[in-house]
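Presented below is the structure to which this report refers.
The values are calculated or read from the model by the stated rules, or taken from the named source; none is laboratory data. None of these values were measured; they are calculated from a predicted model. So basically every Cβ, Gly included, is an ideal-geometry build from the backbone, and we count neighbours across all protein chains shown. For accessibility, only protein heavy atoms count, side chains too; no ligands or nucleic acids. Shrake-Rupley method; radii C 1.70, N 1.55, O 1.52, S 1.80 Å.
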Amino acid sequence: MPRPARLLIPRRQRFKASVKLRPDKRWAVYYDAEEGGEVRRKRKFFPTFEKASAFCDSKGRDITKFGEDALALSDDLKAEALACHRKLARLTDKGRPITLTQAVEAFIRDSGLASTSLSVSQAVDKYLAHLASKGKSMSYRRSMAFHLAPLVAEFGGDPVATIKRTRITATLERLFASKTLAPASRNNFRNYIATFFSWSVKAEMRHDNPASGLENDDNPAKASRLLSPSDLATIFASTPRKLLPAVGLQALCGVRVAEVARLQWNDIEDGTLYLVGTKTKTGLDRSTPIPSALARYLESQRDRDGQAYIFPCKSVVGSTKQADLEDFNRNKQLSKAVGAVRARVKAQGIRWERNSLRVSALSYRNAIVKNAHQVAEEMGNSAQIFKRIYQQSRVKEADAKRWFDTDPARPGVKGFRDPATIRAEARDALAKWERANAKDAEEKARRAESDGFDDDLDGLTSTSDPNNPED
């Protein structure tokens, strides 16, 4: 029940100078008022005592009427209100007890949303369409759909406004119990779901995000993903020529696979790679210096195949969403091609993990420039992300220089030679073998001809056998 209103002179108005400065705040009335489902103590100022006293009296009459209405309630309603109050006593909101008024208003609000809200399945479809309208890549949209699939399967027909945090947590726990997922993968599910509900709040489908602040798993300490300069030389020597420019940009410029798939030869100018926002993950323009060895190699390959894109790829034809599918298809084919080279290199005992080329490029670059903010800007990250995810320890500046001096055309790896040289040597060996076979065939033919001539001569000179007693 609200407390009585109080009439008094504000403490800060006691001094004459203060009163002269703000005569409209000479008197104040303190009273209780409901705000956001809670009863809060408020204050209102008046220039004269008479006006303040009249306002105070009106508030007193309101409180008297409120008390009379409360006394008129039935015993059953009073008992029900008391029972509800006791149930709410164990719940808090931001550290404060939840009042009965708050609970009733929340119920009315959620019930109203539930009656007009889309189902979870419909909301997810609308969200994916929203992402497409914002120009998000097909890869991202497919990843979002994959991570929201457990949500749709569990309560796809339920209004999105009625989904509670406990239900989301229970769904994820069942999912994680049925599958063996790494901590990072489990965190991805939580983050994608939280992103979806954040959008549903902005779309006025909900009043809050039930997945906000879900506790993520702690990622265990990861093994170093840093490759050595000799590892890079082996990678270059094992990469097909058409794929080598793309792998070189990943290794020496730290460009992401999806970004490389969108790059064209005209994005390279004067030893610098210029990436516009439509081709980057962050949507921001950036420029990255290209090491001299890689720049020379790229210049030698620029017009060799007559391709506009650095990574040649089969185009998708006949689709209404040509550009979107083209981007997705190019990224998919490049990832598959790089994956095949990774498998070949890992079979030789080199630990080339996912993102190792980018991790190595960023770490070695920082060893040279010694400026995390500069490296992060060149590679398209924030300095915080670079230090937390990409920066590897124990990186020597000498190794960094060797890394960026590696020439994709002549990696100089012991035990590896240029594939064109190997093919030329194979052709020479085959020609030599064919010449040897032809010479041997000629010698056999000559001998056969000589043996036949001697037999004929013997037949003409003598037919007798000296060992035959009848002759």
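Summary table below
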| read-out | value |
| --- | --- |
| Pairwise label distance in nanometres, Asn188 with Thr282, each label 7 Å out on the Cα-Cβ vector | 2.2 nm |
| Arg40 - accessible surface, heavy atoms, 1.4 Å probe, Å² rounded to 10 | 90 Å² |
| Cross-link pairs beyond the 25 Å C-alpha cut-off, checked among Lys281/Lys396; Lys134/Lys387; Lys370/Lys401; Lys281/Lys401 | Lys281/Lys396; Lys134/Lys387; Lys281/Lys401 |
| Projected label distance in nm at Lys179 and Arg43, using a 7 Å step from Cα toward the beta-carbon | 5.7 nm |
| Per-residue SASA entry for Asp57, accessible area with 1.4 Å probe, Å² rounded to 10 | 80 Å² |
| Integer Hz, Karplus 6.51/-1.76/1.60 couplings in order for segment 171-177, x for Gly and Pro | 5, 5, 5, 5, 5, 5, 6 |
| Where Lys179, Lys332 fall by accessible area, highest first, once all protein chains stay in place (1.4 Å) | Lys332, Lys179 |
| Protein-only accessible surface order, largest first, of Lys42, Lys336, Lys59 at 1.4 Å | Lys336, Lys42, Lys59 |
| Over 21 Å (Cα to Cα) - which of Lys126/Lys336; Lys136/Lys332; Lys164/Lys202; Lys126/Lys179 fall in this group | Lys126/Lys336; Lys126/Lys179 |
| Area accessible to solvent at Trp403, 1.4 Å probe radius, in Å² | 0 Å² |
| Cα→Cβ-extended label distance, 7 Å offset, between Lys202 and Asp75, nm | 5.6 nm |
